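These notes concern the structure reproduced below.
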There are 2 protein chains.
Amino acid sequence: MQRAAALVRRGCCPRTLGPWGRSQSSAAAEASAVLKVRPERSRRERILTLESMNPQVKAVEYAVRGPIVLKAGEIELELQRGIKKPFTEVIRANIGDAHAMGQQPITFLRQVMALCTYPNLLDSPSFPEDAKKRARRILQACGGNSLGSYSASQGVNCIREDVAAYITRRDGGVPADPDNIYLTTGASDGISTILKILVSGGGKSRTGVMIPIPQYPLYSAVISELDAIQVNYYLDEDNCWALNVNELRRAVRQAKEHCNPKVLCIINPGNPTGQVQSRKCIEDVIHFAWEEKLFLLADEVYQDNVYSPDCKFHSFKKVLYEMGPEYSSNVELASFHSTSKGYMGECGYRGGYMEVINLHPEIKGQLVKLLSVRLCPPVSGQAAMDIVVNPPVPGEESFEQFSREKESVLGNLAKKAKLTEDLFNQVPGIHCNPLQGAMYAFPRIFIPTKAMEAAQAHKMAPDMFYCMKLLEETGICVVPGSGFGQREGTYHFRMTILPPVEKLKTVLQKVKDFHIKFLEKYA
Amino acid sequence: MQRAAALVRRGCCPRTLGPWGRSQSSAAAEASAVLKVRPERSRRERILTLESMNPQVKAVEYAVRGPIVLKAGEIELELQRGIKKPFTEVIRANIGDAHAMGQQPITFLRQVMALCTYPNLLDSPSFPEDAKKRARRILQACGGNSLGSYSASQGVNCIREDVAAYITRRDGGVPADPDNIYLTTGASDGISTILKILVSGGGKSRTGVMIPIPQYPLYSAVISELDAIQVNYYLDEDNCWALNVNELRRAVRQAKEHCNPKVLCIINPGNPTGQVQSRKCIEDVIHFAWEEKLFLLADEVYQDNVYSPDCKFHSFKKVLYEMGPEYSSNVELASFHSTSKGYMGECGYRGGYMEVINLHPEIKGQLVKLLSVRLCPPVSGQAAMDIVVNPPVPGEESFEQFSREKESVLGNLAKKAKLTEDLFNQVPGIHCNPLQGAMYAFPRIFIPTKAMEAAQAHKMAPDMFYCMKLLEETGICVVPGSGFGQREGTYHFRMTILPPVEKLKTVLQKVKDFHIKFLEKYA
């Protein structure tokens, strides 16, 4: 009906409807007034609707900032408006956002960033010399010595050199080539760029992308957006979320029936699952990728976040080189790092890098071309990345303070990882694997049948129902396992361990109390 | 042959080839040594090649950083290595990168950024109070008062409020709603995000996107990437690159034969063409979009860059509202702004915003969901955007210096725009329309038949041949018109007017001398 009216109106001369030729301000005032008084009067159908939009974008889901987080925002507004709740604040444990949880920035990093931002400060005696040295090095590599210039599409040259030197040190001498380093807008940007280049084919030849389940939902979101085929391989919850190569074999065999599996994504240390892969397991994965001709994506943004004393981070790049030339000159690998995690937690700067190995030279050209369309990653984020890979060294003025701050953050995280595991495992109906690394707990929760029925009545997944109740009753915002993927019939949630120790204890206690009440209520 | 060998090798147990179980450092050393001695020995075919890659990405072109810029980089390296050339430096006039051309950052902007970066400076007497006030306001809106926290996917709330207030002031009171503001990673990010949502359908229903020719090649690149249909409408070079609605009608009519035209992109002031649209022309375009049910994209990143005394920037949003409710409550519009252009030229921070009008509420939800996958735009870029829309006002400590710096940049640009037009038009075989706005000249160049034959022999477009010769003989890097699109049989190049006045004069003189010699050589 509305549409018909609009079509009729299209027949008349719409120019006569507008207040053209009148003074602009009165016209604007009238336009605004008319809109307020009769907003529906002249509405016609929108061009861009759920029906007409890009269906691949419509299919995208991203639970870490999904409905539960929107609900958390609503509750915060209600609290601000004075509406009474059984709690006084919302605790956003849904995301790994260190500074928002009160973690202080690393002083040295921010000093260098401030010097780069406002170079007048290079004359100030309040800044240490090693910070000034870093800032000068970065500025000299920027056009016009300014963070305000575009960098090369691949990133500032000297920062890529510093990244390569860092990787070489990290990997005990395995060489890294600055030409293989691409600076990115956080790790997410690198991951989606590489996937974008990799996806091709139609029907049964469409590219299949293997991802762990549970996964970080960036992967499933980008796969949806690119209309690629998501190929799930399940991590072994009964075995500390280990990756089992037999499961990779099963997944790839089944996938070949309906797509062309071409990419294998690994998250190590795991997100949301927190496992740290053994060297043996990485070797097995690389061998599998070699055998099955899969392009490897190694998401290693939590490489500094390893807590279990019997675990160690091994980079895919290093293991690949140590397996000999058959692998190191053949397996195509892209690995990713970020300023957002580790001990620095500088999420807001959107800094990151990727290192590519065995990328065909023509593809490197294509990659630079694609990256150049968005001109360059934020140069301030590139500078932050530089400081992460090029921190103060013994003998430099800032070394002692830097080390103290870094150890304090990582030491606290290790404590909180253990604390969280221990406390969750004391609760009947919750089981939590060790948090070997990263910054999340992903406990399994038992949901009684009656609660499942209640969830169904609310048209919610059982774990979404659980998390919504937790949010509404305690103010704690966590993400349901269904947002990451989980074995059918199992339920989980992801919670960050970033809150300060005392606050984390309170949070854990509240989750425990909630869970026990929940079990009682739906017994 | 190589492939066959690889397949044979796949049959044996590759594990025996790797130096597993040996000490990691010796293994790494060997891997590295083997690689150096016989790099080709065990090469097998790559998974990711030009043949197997995403064909849409392969189709992407981006001339502003294309082959000519790669060549410029090579020449710079040769100069560094001491190779003699008829010039001593490469002048990168290919891109609008103000600071790289020596423009100084706006002091106030960088002061606020430094304060936000390193809040210890809030106690320093060397920073003005109005800068501190801005910094405190931004930090209070950031999680944990840190630029290192993620912001909301749509951007920091108070910055969106400041953007809305800016738009309202700019548009003489036409209201702007912070809820319609989305902060972005430069304008490019906003434009590609909106296009991504808009594209759908297959075959003759595939979304057509109307773009000006000449255009800024972000548009054609994103259209390729999304496999949408590019619908060209030609700007009228004989009429100062004006947009003619009859040409829009022709373009849409023809497009309907093979696609579904759904989007109309406008760049005002024009890039690369520098025209500033009249109010009447904008009204005509809006009426056309209304009539043809087209979603409008208004790229207004050069809104502060208007130089001709008889031109004025009119925002699409303002004109839309002044045309009355039939338009203002129906036409779907997204407009874009950026920190990279104007008088601040902060390209490196990748700051920007878009304002959406009449977006369906469900689509706004979809947009936030899509944006949330990449978490948030760089918070430092958001802060830079805040200062652009919320500069010092009369009575504030920094107002005088800020105004002086701003006027100096814009005054110089206006001078350079005139200078460039005048000088180009003195050269036989070059015709340059007035540079009414933006920051580029896009002169038409006459290319003699013999030069076209020489270009063909080099398998180059005639204007690419011309620009390559210009680069090789003078060190001046400009972008051929073919990278932006131009009417068949006409040739142009784009050159930024950002170099300092004296340098720009030298550049223009060199281009003039080159052009005259070029005409003589190929006469």
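The values are calculated or read from the model by the stated rules, or taken from the named source; none is laboratory data. This one's a predicted model, so the numbers in the text were calculated from it and none came from an experiment. Glycine gets a Cβ as well: all are built from the backbone with ideal geometry, and neighbour counts include every protein chain shown. SASA here: full protein model, heavy atoms, side chains in, ligands and nucleic acids out. Shrake-Rupley method; radii C 1.70, N 1.55, O 1.52, S 1.80 Å.
Identify, by number, the condition in (1) within 30 Å of A:Q56 (Cβ to Cβ); (2) in contact with a helix residue (DSSP H, G or I) (Cβ under 8 Å, 6 or more places away or on another chain) that B:A384 doesn't meet.
(1)
Check off (1) away from every other protein chain (no Cβ under 11 Å); (2) open to solvent by 30 Å² or more (accessible area, probe 1.4 Å) for A:R279 and give me the number that stays unchecked.
(1)
What number of residues within the range A:355-379 are touching a strand residue (DSSP E or B) at 6+ places or on another chain (Cβ under 8 Å) and acidic (D, E)?
The qualifying residues number 1.
Considering only residues that are open to solvent by 10 Å² or more (accessible area, probe 1.4 Å), closer than 21 Å to A:L508 by Cβ and acidic (D, E), look in the range A:451-487 and name the one that is farthest from the chain's Cα centre (by Cα).
Filtering first and then ranking leaves A:E473.
Within the range A:305-327, is there a residue that is without any contact (Cβ under 8 Å) to a residue 24 or more places away in the chain and at the interface with chain B (Cβ under 8 Å from one of its Cβ atoms)?
Yes, the conditions are met somewhere in the range A:305-327.
Given A:A93, A:A63, which one is open to solvent by less than 40 Å² (accessible area, probe 1.4 Å), touching a strand residue (DSSP E or B) at 6+ places or on another chain (Cβ under 7 Å) and within 11 Å of another protein chain (Cβ to nearest Cβ)?
A:A63
Working carefully through the options B:I286, B:I282, find the one that is aliphatic (A, V, I, L, M) and either in contact with a His (Cβ under 7 Å, 6 or more places away or on another chain) or more than 22 Å from A:E45 (Cα to Cα) (or both).
One residue alone meets the criteria, B:I282.
Cβ-Cβ below 7 Å, separation at least six or inter-chain, first residue in the range A:234-263 and part of a helix (DSSP H, G or I), second among the β-branched types (V, I, T) and surrounded by 18 or more Cβ atoms within 10 Å (Cβ to Cβ): which pairs?
A:V245/A:V285; A:A251/A:V231; A:A255/A:V231
For A:L70, are the conditions met, namely being more than 7 Å from every other protein chain (Cβ to nearest Cβ), surrounded by fewer than 16 Cβ atoms within 10 Å (Cβ to Cβ) and either closer than 30 Å to B:V373 by Cβ or at pLDDT below 75 (or both)?
yes
Within the range B:203-220, track down each residue that is among the hydroxyl-bearing types (S, T, Y) and in a helix (DSSP H, G or I).
B:S205, B:Y219, B:S220
Do you know which residues across the range A:307-328 are closer than 23 Å to A:I497 by Cβ and among the polar types (S, T, N, Q)?
A:S308 - this is the single residue of the range A:307-328 that is closer than 23 Å to A:I497 by Cβ and among the polar types (S, T, N, Q).
With the condition being more than 8 Å from chain A (Cβ to nearest Cβ) and either closer than 23 Å to A:Y118 by Cα or open to solvent by 20 Å² or more (accessible area, probe 1.4 Å) (or both), I'd like the helices (runs of 4 or more DSSP H) fully within the range B:96-202 carrying at least 3 qualifying residues.
Passing ranges, in order: B:107-117, B:129-140, B:157-170.
Each row is one residue, and each column tells you yes or no for (1) modelled with pLDDT of 95 or more; (2) within 24 Å of B:G208 (Cβ to Cβ); (3) over 16 Å from the mean Cα position of the chain (by Cα).
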{"position": "B:V301", "(1), (2), (3)": "yes, yes, no"}
{"position": "B:P309", "(1), (2), (3)": "no, no, yes"}
{"position": "B:K312", "(1), (2), (3)": "yes, no, yes"}
{"position": "B:E326", "(1), (2), (3)": "no, no, yes"}
{"position": "B:L333", "(1), (2), (3)": "yes, yes, yes"}
{"position": "B:G348", "(1), (2), (3)": "yes, no, no"}
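List the number of the failed condition for A:I286; all other conditions in (1) closer than 26 Å to B:T49 by Cβ; (2) part of a loop (DSSP other than H, G, I, E, B); (3) in contact with a strand residue (DSSP E or B) (Cβ under 9 Å, 6 or more places away or on another chain) hold.
Of the numbered conditions (1) closer than 26 Å to B:T49 by Cβ; (2) part of a loop (DSSP other than H, G, I, E, B); (3) in contact with a strand residue (DSSP E or B) (Cβ under 9 Å, 6 or more places away or on another chain), the odd one out for A:I286 is (2).
Sort out which residues of the range A:470-523 are without any contact (Cβ under 8 Å) to a residue 60 or more places away in the chain and of a type in the set (D, E), and write them in order of number.
A:E488, A:E502, A:D513, A:E520
Identify all residues within the range B:43-58 that are at the interface with chain A (Cβ under 7 Å from one of its Cβ atoms) and in a loop (DSSP other than H, G, I, E, B); write none if there are none.
Residues satisfying the conditions are B:R43, B:R44, B:R46, B:I47, B:L48, B:T49, B:L50, B:S52, B:M53, B:N54.
Within the range A:487-496, is even one residue under 30 Å from A:C311 (Cα atoms), among the basic types (K, R) and part of a loop (DSSP other than H, G, I, E, B)?
yes
Return yes when B:V285 is open to solvent by 10 Å² or more (accessible area, probe 1.4 Å), in contact (Cβ under 8 Å) with a residue 12 or more places away in the chain and over 18 Å from B:L195 (Cα atoms) and no when it is not.
no
When you scan the range A:289-304, how many residues do you find that are part of a helix (DSSP H, G or I) and open to solvent by 10 Å² or more (accessible area, probe 1.4 Å)?
2
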